Amino acid sequence: MCTCAKSQETNLLPTSTSIFLPEFPHREARPAHLQVTGVIAKGSFGPVLKVKDWVKGKTYAIKVLPKSEVLKHGVLEQAKEEVIIQRQLQHAFVLGLEDCWQSQNNLFIMCDYCRTGDLYTYWTLTGHFKEREVQVIAAELGSALGFLHDFGIMHRDLKMENILLTDQGHVCLADFGLSRRLERGAKAFTICGTIQYMAPEVLTGGPYSHAADWWSLGILLYTLAAGEFPLPPESDHSSMLSKVTEHPYEMPESFSPALALLLTELLCKTPMRRLRCLERYRTQRFFNGVSFDSQVLMKFPIQPILELKDHPNRLEKSTRGLTFDQLQNFECDLFDPPSSATDVSPAVPHQH
Ligand SMILES: Nc1ncnc2c1ncn2[C@@H]1O[C@H](COP(=O)(O)OP(=O)(O)OP(=O)(O)O)[C@@H](O)[C@H]1O
């Protein structure tokens, strides 16, 4: 009886709402216990907002996806896939999903807020990383990737901007907007991701599989340690493919032999010969003495990440210039952005 009433209710909803069900439950009322207190970043389709939950006393990040943009870009199924995937994932170094819903005009994806920002911001501020830091970041990200792949999920957009830094001094894999469920051994064909991180088999249009994520991790770790990408970006996939195919991926002399060996294995152009599973990754000489047990890793924060919280340029870099003023033009039908401010902390919580 209850199910019947529910399906009648669904039938009454407009198509612009029902097509996003059941992944994004419809909520008509404004969530009075949530208050926007800042703008974190400008995502591809809409802003990422900083929000205070006055009931839980916690701060969250909410990614706002305008339905019109989702439909215009034909990414309805991908938006649903993003929350289906993120809901399943509970791992120390993976950003989990707190809640998601839809209003008349927008989809909302709510996650824990990582106030230190993302790894890209950190990299642009510090230039390059010491090998000891690369080692811990590599262990945390490798264990996150192995966990994802065991679930049959390919991330497909591993890059510094999608690695968040936690208040506890660790990294956290985020943004499952391009992720896909893919059984081990199965292949994908869509060219997607960020051009500088794309494996050669992705640039050719596939077939590719989980091994492509390990290539992206190799590019990321190389870039952290070297302070620059192995190759600059090209304007299109085919020129990038030519560059990647020709490039020898020789390691800078400044790299230790153990790091050079790890990266050579990850940046192997033949996916079948590439280092592409956690079991082999963790036994690399570069990780001698490093535990891959999440609980052990959690006990040892990456010190510079802890220090970054107080870096004066961090916020300016990570908001990428988006302010509340610009948000006024954005129809965000659940929130009233406070008047011109980039970050507000209200003295009096909303009544509810
Ligand atoms: N939970 C969070 N805590 C702190 N910052 C976040 C959080 N989620 C996202 N961000 C910031 O917002 C940026 C964009 O978020 P996200 O990548 O999820 O959006 P997107 O629309 O997929 O954008 P893009 O196409 O640039 O990846 C991230 O690079 C990060 O700086």
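The values are calculated or read from the model by the stated rules, or taken from the named source; none is laboratory data. In this text the structure is predicted, and so the values were computed from the model without any measurement. Cβ atoms come from the backbone with ideal geometry, glycine included; neighbour counts cover every protein chain shown. We work out accessible area using only protein heavy atoms, side chains counted, and drop any ligands, DNA or RNA first. Shrake-Rupley method; radii C 1.70, N 1.55, O 1.52, S 1.80 Å.
For segment 177-244, just say rounded, prolate or oblate: build the C-alpha gyration tensor, square-root its eigenvalues into a ≥ b ≥ c, call rounded for a/c under 1.5, and beyond that prolate if a/b exceeds b/c, oblate if not. Walk me through the intermediate numbers first.
Working: a/c = 2.28, a/b = 1.41, b/c = 1.61.
It comes out oblate by the Cα gyration axes.
Quick one: length gained pulling residue 73 to residue 264 fully straight, 0.36 nm per residue minus the C-alpha distance? Before the final figure, lay out the partial values.
Values: separation 191, 0.36 × 191 = 68.76 nm, distance 3.69 nm.
Between residue 73 and residue 264, full extension yields 65.1 nm more.
Let a ≥ b ≥ c be the square roots of the eigenvalues of the Cα gyration tensor of segment 32-127; is it rounded (a/c under 1.5), or, if not, prolate (a/b larger than b/c) or oblate?
Values: a/c = 1.41, a/b = 1.20, b/c = 1.18.
It comes out rounded by the Cα gyration axes.
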Q) So which of 56/299; 50/80; 80/243; 80/299 end up more than 32 Å apart, counting from Cα to Cα? A) 80/243; 80/299
Q: Mind running the shape call on the chain? Use the C-alpha gyration tensor, a ≥ b ≥ c as the square roots of the eigenvalues: rounded below 1.5 for a/c, prolate if a/b tops b/c, oblate otherwise.
A: prolate
Q: Pop the C-beta distance of residue 291 and residue 42 into the FRET formula with R0 = 35 Å and round what comes out to the nearest 0.05.
A: 0.40
Q: Can you tell me the 0 to 90 degree angle between the C-alpha axis of helix 237-246 and the longest principal axis of the chain, rounded to 10?
A: 20
Q. Which one of 55, 36, 136 has the biggest mean-square fluctuation once the chain is modelled by GNM with Cα springs under 10 Å?
A. 55
Q. Could you give the nm distance between label points at residue 12 and residue 91, where each point is 7 Å from its Cα heading toward the beta carbon?
A. 4.3
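Accessible area of segment 119-308 with a 1.4 Å probe: how many percent of it is carbon plus sulfur? All intermediate terms of the calculation are to be shown ahead of the outcome.
Working: 4200 of 7990 Å².
Ligands and nucleic acids excluded, carbon and sulfur reach 53 percent.
Relative contact order for the chain: what is it in percent, counting Cα pairs under 8 Å that are at least 6 residues apart?
Details: 594 pairs, mean separation 69.2, N = 352.
Relative contact order comes out at 20 percent.
Relative contact order of segment 119-308, please, whole-number percent, based on alpha carbon pairs below 8 angstrom and at least 6 residues apart. Please list the in-between numbers first.
Working: 278 pairs, mean separation 50.1, N = 190.
Relative CO of segment 119-308 lands at 26 percent.
First measure r as the distance between the Cβ atoms of residue 254 and residue 167, then evaluate 1/(1 + (r/R0)^6) with R0 = 25 Å and state the FRET efficiency to the nearest 0.05.
Working: r = 31 Å, r/R0 = 1.25.
The calculated FRET efficiency here is 0.20.
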Q.
Can you tell me the orientation of helix 131-150 relative to the chain, as the angle in degrees between its alpha-carbon axis and the longest Cα principal axis, to the nearest 10?
A. 60
Q: Give me the distance between the Cα centres of segment 26-46 and segment 86-131, rounded to whole Å.
A: 15
Q: Scale the Cα Rg of segment 119-308 by the rule-of-thumb value 2.2 N^0.38 Å and send over the ratio, two decimals.
A: 0.96
Q) When only DSSP loop residues count, what trypsin sites (Lys or Arg not before Pro) in segment 43-97 have their Cβ near at most 12 other Cβ atoms within 10 Å? A) 56
(Q) Can you give me the angle between helix 2-12 and the longest principal axis of the chain, using Cα atoms only, in degrees from 0 to 90, rounded to the nearest 10? (A) 90
